[in-house]
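Just below is one structure, and these are the notes that go with it.
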Amino acid sequence: MLALTSHAYRPGVMTELSERTKANMDVVLEQTCRQLPHGGDHDSRRFIAERLIEAAESGHCTLGELGIVARRALAELTGKGG
């Protein structure tokens, strides 16, 4: 699960995320991290989770949108980013 699911933190701003958005973020994080050895280490999971939080705060809350963000973060982590 995401460490920051009840409130997303941005310096100076606290934004409440909907339950659906938090659930979508959890699903996408788990699906994405399955592609990493042993489900990903703490730092890798945190990196992807932070990207998901940023996306959700910007209004990208669907599974599809969050999936794209997570895949881009994963590609960046694994050196496959363009």
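List of remarks:
- Carbon + sulfur, % of accessible area of segment 31-82 - ligands and nucleic acids excluded, 1.4 Å: 49 percent
- From phi via Karplus (6.51, -1.76, 1.60), per-residue ³J(HN,Hα) for segment 51-63 in Hz, x at Gly/Pro: 5, 5, 4, 4, 5, 5, 5, 8, x, 8, 10, 7, 4
- Converting phi to 3J(HN,Hα) with the Karplus coefficients 6.51, -1.76 and 1.60 and the offset θ = phi - 60°, segment 30-43 yields 5, 4, 5, 6, 4, 7, 9, x, 6, x, x, 7, 4, 5 Hz in sequence order, with x at every glycine or proline.
The values are calculated or read from the model by the stated rules, or taken from the named source; none is laboratory data. Computed from a predicted structure; not experimentally measured. Keep in mind that these areas ignore ligands, DNA and RNA; they rest on the heavy atoms of the full protein, side chains included. Shrake-Rupley method; radii C 1.70, N 1.55, O 1.52, S 1.80 Å.
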